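What follows draws every value from the coordinates through simple rules; no lab data is involved. Note that this is a predicted model, so its numbers are computed, not measured. All Cβ positions, even for glycine, are placed from backbone atoms using ideal geometry, and neighbour counts span all protein chains on display.
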Amino acid sequence: MTTIVVGIGLRPGTSEADIEACLAQTLAAANLPGDAIGRLATLASRRNEPGLAAVAQARELTLVAVPDEALAGFEAACATRSTRISGLYGVGSVAEAAALAAAGPGAELIQPRIATARVTCALARNLG
């Protein structure tokens, strides 16, 4: 069964509405319905952000917290690069790396990150 994971990178204090807007753009870019998502993933250091928790609760999705240091192992699989994020986390895209990490071994990126002012979202899937 295919599981689609949304990787989310966000600035502290980002609202639920801002996250939902970026998520909607990302799903539209991938031509996927909102109910295609299996779970959300982000940095462990952002897992308690109120806006993100609200999105997970509203959509009844599990939020996977990926340890910050684990993201670097997904650098080669990232399709996009942010110099600022690379300097902070050792990976070009938090959203892409988190999606790939949470989707599990053999995961593939199906939608590179979409960035808005405060949020990035990317999609990965595992065909296993």
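Quickly rank 10-21, 56-67, 100-111 as a protection proxy: mean count of other C-beta atoms within 10 Å, highest first.
100-111, 10-21, 56-67
Share of antiparallel DSSP beta bridges in the chain, in percent to the nearest 5?
The antiparallel proportion sits near 60 percent.
Can you pull the one-decimal nm distance between simple spin-label points at Asp35 and Glu60, each 7 Å off the Cα toward Cβ?
The answer from the label model is 1.0 nm.
Taking 7 Å along the Cα-to-C-beta vector as the label spot, tell me the Leu127-Thr83 distance in nanometres, rounded to one decimal.
3.7 nm
Roughly how many nanometres apart are two label points built 7 Å out from the Cα toward the Cβ at Ala24 and Thr116?
0.8 nm
Over the chain, consider all pairs of different Cα atoms and compute the Kirkwood hydrodynamic radius from their mean reciprocal separation; express it in Å, one decimal.
Details: mean 1/r = 0.0722 Å⁻¹.
Value: 13.9 Å, from the Cα pair sum.
What do you get for trypsin sites (Lys or Arg not before Pro) in the range 61-128 restricted to DSSP loop and a cutoff of at most 15 other Cβ within 10 Å of the site's Cβ?
Sparse-neighbourhood loop trypsin sites (Lys or Arg not before Pro): Arg81.
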